[in-house]
1. From the protein chains alone at 1.4 Å, what is the descending order of accessible area for A:Trp157, A:Trp78, B:Trp210, largest first?
2. Quantify how strongly other chains surround peptide B:215-222 by giving the mean number of their Cβ atoms within 10 Å of each of its Cβ atoms.
3. Could you work out the mean count of beta carbons from other protein chains within 10 Å of each residue's beta carbon in A:144-154?
4. Using only the alpha-carbon atoms of the stretch A:3-87, report the extent along each of the three principal axes, biggest first, to the nearest angstrom.
5. In whole Hz, what ³J(HN,Hα) sequence does the stretch B:135-145 give by Karplus (6.51, -1.76, 1.60; θ = phi - 60°), x for Gly and Pro?
6. Please give the contour-minus-distance gain from B:Asn97 to B:Arg33: 0.36 nm per residue of separation, less the Cα-Cα distance, rounded to one decimal in nm.
7. Across 10 Å bins from the origin, how do the percents of Cα pairs in chain B run, short distances first?
8. So, with +1 on the Cβ of K and R and -1 on the Cβ of D and E, and no other charges, what is the size of the charge dipole of the protein assembly as shown about its Cα centre, to the nearest 20 debye?
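The values are calculated or read from the model by the stated rules, or taken from the named source; none is laboratory data. Computed from a predicted model, the values in this text were never measured in an experiment. Heads up, the Cβs are rebuilt from the backbone with ideal geometry, glycines too, and the neighbour counts pull from every protein chain shown. Each accessible area value is taken on the protein alone, full model and side chains, heavy atoms only, with ligands, DNA and RNA left out. Shrake-Rupley method; radii C 1.70, N 1.55, O 1.52, S 1.80 Å.
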Amino acid sequence: MSIRHGLLALLERGPMHGYQLRAAFETSVGGTWSLNIGQVYTTLSRLERDELVAALPENEGQRPYAITDGGRAELNRWFATPLERSDRPRDELAIKLALAMTTPGVDVAAVVQGQRTAGMRALQEYTRLKTRTGPDDLSWALVLESMIFQCEAEIRWLDHCETALLRRRPAPAPASATAPAPDREEAHR
Amino acid sequence: MSDAVLEFRDVHRTHGTGPAAVHALRGVTLRVRPGELVAVMGPSGSGKSTLLNLAGGLDLPDGGEALVDGVALDSLSHRRLAAVRRRTAGYVFQDFNLLPSLTAAENVALPLELDGTGVRAARRAAFAALGDLGLGELAGRFPDQMSGGQQQRVAIARALVGDRRLVLADEPTGALDSETGETVLRVLRDRVDAGAAGLLVTHEARHAGWADRVIFLRDGRVVDTSGPLAAAEDLLEHHS
Ligand SMILES: Nc1ncnc2c1ncn2[C@@H]1O[C@H](COP(=O)(O)OP(=O)(O)OP(=O)(O)O)[C@@H](O)[C@H]1O
Ligand SMILES: [Mg+2]
């Protein structure tokens, strides 16, 4: 998502100045994405240049901004258009794993396991946060849910990768077939 | 350490004999303390149900030790083992295991009654447990008059009713949509927060997210553990 549309959505509630926008942004996404004030002002000046917001007269040293009709049209267009998978940043994890597979000497299974443990830990953390949300925190709870579903998908994909890797591994020589896999034993020491 | 409700020490279990033998658990060590919920994940056939059966005293290890409240289960007489199964451990089976000739409330009250609780007190506790799982209205139904997900929740109520110190659940959310599954996890979590020890088998990461620690099983071995530092301390202690 772009900060532009985030700020437009917030301004749709009424005029706000930079610090108010930053605070409102963090409240609505529950602190999962924090903006610095510089990003807020840079974005506001670009929005103003594009006539999507208008600066109002300064008030107590702060300049509030209001959404324009053009801004409102842009916001409606954004809400009405589904995000395409290709609009999102490339999946760094998939790229990392693909590189791990093709780079000699890398223990891909260890990369997968480490990543899955990290994903699980994040999922546990989000779940804990979710149990603390109250009934009026629905927007924050839904953002958390989205991250939980993403973690879940990633963990399933990593499970899938692990199974595929095991299957691909050449069958052990008959003599060692019954010996316990030493690498596996080491993995959790 | 003796403060664990459940402890496995290098537990092995082989099903069957000869060429058909399946080495279902190959040296599992774990510990579950009061107030701790541990999730077990792993592919089908990795030994999850075997592990849970051993924890509940429904099966005994053929190597290593499974201890409940510090007592090795295979050292107990049949009678004492049966008492552990009724009184200490609550078990949610993968296939529910409800008695078809009893109503939901009777199914839930049964373990309490078997254990000497009066019929009325047992029934009251059963209604409360069913209510927590959103099944208050269905207390008088027989299993074949309920949906799969409803039967599953009755099985969970039966495992949680009374004062169990150890709650064992095998895929307790299998037949449930994600919202109902969530209710079940909340109830389980509450019970654990009130002091029980919990072991939860699940293949859904989002449900394992409710646990304090997640163990990954593969081919009868623990390959991975995710959780707070206490888990790492456990491992260190065991390998030093
Ligand atoms: N009574 C039995 N006799 C013979 N083999 C058994 C018996 N019970 C389990 N097994 C085997 O032991 C292994 C572990 O089984 P277990 O039921 O513990 O798996 P699981 O992880 O619970 O799988 P699932 O996710 O499918 O429930 C499997 O290979 C299974 O076929
Ligand atoms: Mg099973």
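1. A:Trp157, A:Trp78, B:Trp210
2. If you average over the peptide's residues, the count of other-chain Cβ atoms is 3.
3. Mean shielding by partner chains, rounded to a whole number: 2.
4. Cα extents, longest axis first: 43, 29, 20 Å.
5. Going residue by residue, I get 10, x, 6, 9, 4, x, 7, 8, x, 6, 9 Hz, with x marking Gly and Pro.
6. 20.4 nm
7. 8, 33, 36, 19, 4, 0
8. With Lys and Arg at +1 and Asp and Glu at -1, about 560 debye.
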